[in-house]
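First comes the structure, then the notes that go with it.
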Amino acid sequence: MDKENLNTDANSSPLGKLEGANIVIINYGAGNIKSIQFAFKRLGFEALLTNNPDEIKAADKVIFPGVGEASSAMQKLKESGLDYLIPQLKQPVLGICLGMQLMCKSTEEGNTNGLGIFDVAVKRFSNTVKVPQMGWNTINNLESDLFKDIKDNEFMYLVHSFYAEQCKDAIATTTYDVEYASALKKDNFYGVQFHPEKSGEEGEKILKNFLELNTNN
């Protein structure tokens, strides 16, 4: 993707209106932050890595990443006060993988209480399937402008042993062992179980769509 073509002409560029957008990736020691930062760079944007509350609150868009184990990640959020800050944010926030799971009310991983943004529990896949789910799977039943120009049955890259149950906040579903919510939305908060930054052009399109969102989408 040609970076120059993205930002040189605000009238013709698909992202021209977002030139200079203030994008923050929350850096709390449990995130796949570099790959996400590089994905935004491919789109022509610099994203700030920070755990500073003032910088997070001042951002236009916030990315809440996560890899690893839920209870230790939640402990890191509590140590920095981010467990209180994140649910109070008013701008669009996108949780990715474990980030999305921590935005739920609870997870079976470590019997951990989440941030409670999404009123849904996170469960472990049964032993009837290979755990973790690792690789490409499809997303379906797409809702919200987060999936603008994305078709049902598009493949995304996933690595996870736990899943959010089907619920009213689901804006995408995936089937593996059971049909589960692979994306969630409530107010200004969004979550995706898959890794858009590792899902090729379609995944980058989702990140682009997120940058173009306002809180009414």
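Points worth noting:
- Scanning region 49-95 for residues that are more than 16 Å from Gly29 (Cα to Cα) and among the charged types (D, E, K, R) yields a count of 6.
- Only residues that are touching a residue at least 12 places away in the same chain (Cβ under 8 Å), more than 17 Å from Gly203 (Cα to Cα) and assigned to a helix (DSSP H, G or I) were counted in region 21-58, giving 5.
- Residues (surrounded by fewer than 21 Cβ atoms within 10 Å (Cβ to Cβ), not in a helix (DSSP H, G or I) and not hydroxyl-bearing (Ser, Thr, Tyr)) located in region 186-217: Lys186, Asp187, Asn188, Leu213, Asn214, Asn216, Asn217
- Qualifying residue in region 196-210 (condition: basic (Lys, Arg), closer than 26 Å to Ala59 by Cβ and in contact with a strand residue (DSSP E or B) (Cβ under 8 Å, 6 or more places away or on another chain)): yes
- The residue list Thr128, Thr107 contains one member that is of a type in the set (S, T, N, Q) and under 16 Å from Gly66 (Cα atoms), which is Thr107.
- Tally, over region 98-117, of residues that are over 22 Å from Asp60 (Cβ atoms), in contact (Cβ under 8 Å) with a residue 40 or more places away in the chain and not polar (S, T, N, Q): 6
- Qualifying residue in region 134-153 (condition: of a type in the set (Asp, Glu), without any contact (Cβ under 8 Å) to a residue 40 or more places away in the chain, surrounded by 15 or more Cβ atoms within 10 Å (Cβ to Cβ) and at negative phi): no
- Looking across region 36-52, the residues that are under 17 Å from Gly99 (Cβ atoms) and either β-branched (Val, Ile, Thr) or touching a Ser or Thr at 6+ places or on another chain (Cβ under 9 Å) (or both) come down to Ile36, Thr50, Asn51.
- Looking only at region 59-74, and only at residues there that are part of a loop (DSSP other than H, G, I, E, B) and among the aliphatic types (A, V, I, L, M), the one that is farthest from Glu108 (Cα to Cα): Ala59
- Pick from region 164-212, criterion charged (D, E, K, R) and within 20 Å of Thr128 (Cβ to Cβ), ranking: farthest from the chain's Cα centre (by Cα): Asp177
Values in this text are rule-based calculations from the coordinates and carry no lab data. Note that the structure is a prediction, hence the values are computed from the model and not measured. Positions of Cβ are generated from backbone atoms using ideal geometry, with glycine treated the same way; all protein chains shown enter the neighbour counts.
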